[in-house]
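Report on one structure; see the data block that follows.
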Amino acid sequence: MNYHQYYSVDVVNGPGTRCTLFVSGCIHQCKGCYNKSTWRTDSGMPFTQEMEDKIIQDLQDTRIRRQGLSLSGGDPLHPVNLSAILQLVKRVKAICPSKDIWLWTGYQFAELTADQHKVVSLINVLIDGKFVQELYDPSLLWRGSSNQIIHKLR
Ligand code: SF4
């Protein structure tokens, strides 16, 4: 898996203070996408063991308490990303069980594959669906267009 950006302290992408990772790779090609540079799976930088370790350390940092981890992109549920994302969310749940995990995907919940569900079964909130420019609404919280649904899973 490659990634584009990591914010160790973020107050924009999800509730509270969070760690946020923007991964590479997206097949959805939404018109008006704000993040086209992430579409190619080989764009950005390799997501290394060191980066995974850093995220875990940041989530455990008691000086700035993080509510949780946000995973966005690109698409964290792109098939190429699934094994690395599954490993990351499993580790967060095992080591930092009090932290919530939010994940943004262009896939719709109803069309997820069994492998994508392995990730979704471990996260707290899934925001699904493509960005639809005609349904863009800047007043929406945590999503760009009104077709996207915030699934509070657990
Ligand atoms: S799902 Fe997100 S990153 Fe992918 S094309 Fe749509 S808006 Fe862009």
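For the stretch 46-83, filtered to residues that are closer than 20 Å to Val9 by Cα and within 16 Å of the ligand (Cβ to nearest atom), the residue that is surrounded by the fewest Cβ atoms within 10 Å (Cβ to Cβ) is Ser72.
Residues that are within 13 Å of the ligand (Cβ to nearest atom) and either under 8 Å from the mean Cα position of the chain (by Cα) or within 13 Å of Ile150 (Cβ to Cβ) (or both) within the stretch 97-107 comprise Leu103, Trp104, Thr105, listed in sequence order.
Scanning the stretch 74-132 for residues being part of a helix (DSSP H, G or I), farther than 18 Å from Arg154 by Cα and of a type in the set (Gly, Ala, Ser) gives a total of 3. Within this structure, Ala94 fails the test of being within 13 Å of the chain's Cα centre (by Cα) and more than 26 Å from Leu141 (Cα to Cα).
A search for C-beta distances below 9 Å between a residue of the stretch 126-154 that is hydroxyl-bearing (Ser, Thr, Tyr) and any residue that is surrounded by 14 or more Cβ atoms within 10 Å (Cβ to Cβ) and assigned to a loop (DSSP other than H, G, I, E, B), counting only pairs 6+ apart in sequence or on different chains, returns Tyr136/Gly144; Tyr136/Ser146; Ser145/Cys30; Ser145/Gly129; Ser145/Lys130; Ser145/Phe131; Ser145/Val132; Ser146/Val132. Residues that are part of a loop (DSSP other than H, G, I, E, B), touching a residue at least 24 places away in the same chain (Cβ under 8 Å) and more than 13 Å from the ligand (Cβ to nearest atom) within the stretch 3-34 comprise Gly14, Pro15, Gly16, Thr17, listed in sequence order.
Restricted to the stretch 11-34, and to residues there that are small (Gly, Ala, Ser) and buried (at least 16 other Cβ atoms within 10 Å of the Cβ), the residue that is nearest to Pro138 (Cα to Cα) is Gly14. Taking the criterion of being assigned to a loop (DSSP other than H, G, I, E, B) and within 17 Å of Ile95 (Cα to Cα), the residues of the stretch 46-68 that qualify are Asp61, Thr62, Arg65, Arg66, Gln67. Put simply, of Ser37, Ser43 the only residue that is within 12 Å of the ligand (Cβ to nearest atom), farther than 21 Å from Trp142 by Cβ and assigned to a loop (DSSP other than H, G, I, E, B) is Ser43.
We did not get these values from a lab; they are worked out from the coordinates using the rules stated. Nothing here was measured: the structure is a model prediction, and the numbers come from that model. Counting neighbours? That spans all protein chains shown, and the Cβs are built from the backbone with ideal geometry, glycine included.
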